[in-house]
Amino acid sequence: MRTSILAAIAVLAMGGTAFAGSTVDIDQLGTGNSASALQQGDNNETYVRQLAHYNLSVSKQVGDSNYIVVRQETSYNKVGNADDNSGVVQLGNRNEARVTQKQGNENDVRKLLQNGNRNDARVVQDGSSNVIDRVETHGNDNTVRITQTGSQNGKWGLGSGNLPGGYIDTSDANFALYGGTRKASTLLQYGDGNDAIIGQSGSRNFFEVYQGVSAGNNSVGSDYDLTQVGHYNYAYAMQTGTGHNSTVDQIGNTNRSFVRQDN
């Protein structure tokens, strides 16, 4: 009888641990560090803090109701590796991702991917010449909030001085594909009922949003809301499907905005 009772207690304890999920907590102080985490299952949490230059962070979660926080401070840091197409990746539903790059320049979010429904992603960059190569969501009712504070975020012309002010007209070809070195920060959302909320404060910032744009994918009811405060800023949005809404507020001089909606 004693053995049976102990076995039952052990099973209950294991079940409770699985329900609570697991936690990864990585702190790195110094330059040239790499941090990576992989979690499979539900209700897991990953926290990465890197507080110096030239650091790299890669995280992946497979499951539901998971949470990733990446915070990088100072300059030349990256979330994701172009060589192996890694980044912050969440596969499942009701997941949350938070990426913050503060107090530095030339930081890069190479990839943030969420595949599932009712996910939430937030990216904050503070400084100059930062870029978000790709935030991408697949599924329905997903929300992405992006805030960039500073100048020359998006790296138009990669510092060549090739600015859009006065050169872009409103024809789609010239506006969306201006220049061979164009590298605006980019958000892609595939599915229905998604929200894109973008805020940029500063000058010479560039952002592009694509909702429901892929072969055979005509999404329904997504919202695009962008605010830019400053000068020589550029915004482009393309929405494919029906029932979409676009709201653009630009405060400043010599700004450019174009919204394309295809039903």
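Quick notes
- In segment 205-218, residue surrounded by the fewest Cβ atoms within 10 Å (Cβ to Cβ) [restricted to those that are assigned to a strand (DSSP E or B) and at pLDDT 85 or above]: E208
- Every residue from segment 237-263 that is aliphatic (A, V, I, L, M), at pLDDT 95 or above and either surrounded by 14 or more Cβ atoms within 10 Å (Cβ to Cβ) or not in a strand (DSSP E or B) (or both): V248
- All conditions but one from (1) touching a Ser or Thr at 6+ places or on another chain (Cβ under 8 Å); (2) closer than 19 Å to L112 by Cβ; (3) small (G, A, S) apply to A82; the one that does not is (1).
- Residue that is farthest from A20 (Cα to Cα) [pool: residues in segment 57-92 that are surrounded by 19 or more Cβ atoms within 10 Å (Cβ to Cβ) and among the aliphatic types (A, V, I, L, M)]: V79
- Flag for N117 being under 23 Å from N66 (Cβ atoms), part of a loop (DSSP other than H, G, I, E, B) and at pLDDT 90 or above: yes
- Filtered by the rule that a residue be closer than 28 Å to N117 by Cα and either in a loop (DSSP other than H, G, I, E, B) or without any contact (Cβ under 8 Å) to a residue 40 or more places away in the chain (or both), segment 222-236 gives S222, D223, Y224, D225, L226, T227, A235.
- When V124, V144 are checked against the criterion of being in a strand (DSSP E or B), touching a strand residue (DSSP E or B) at 6+ places or on another chain (Cβ under 6 Å), modelled with pLDDT of 50 or more and surrounded by fewer than 19 Cβ atoms within 10 Å (Cβ to Cβ), V124 stands alone in meeting it.
- Pick from segment 101-110, criterion in contact with a strand residue (DSSP E or B) (Cβ under 6 Å, 6 or more places away or on another chain) and surrounded by fewer than 19 Cβ atoms within 10 Å (Cβ to Cβ), ranking: nearest to G21 (Cα to Cα): K102
- You will find that of G191, G221, G202, the residue that is at pLDDT 90 or above and either among the aromatic types (F, W, Y) or within 19 Å of Q148 (Cα to Cα) (or both) is G202 and no other.
- All positions within segment 147-167 that are part of a loop (DSSP other than H, G, I, E, B) and either modelled with pLDDT of 95 or more or within 23 Å of E73 (Cβ to Cβ) (or both): G150, S151, Q152, N153, G154, K155
The values are calculated or read from the model by the stated rules, or taken from the named source; none is laboratory data. Predicted, not measured: the structure shown is a model, and the values here were computed from it. Neighbour counts run over all protein chains shown; Cβ positions are idealised from the backbone, glycine included.
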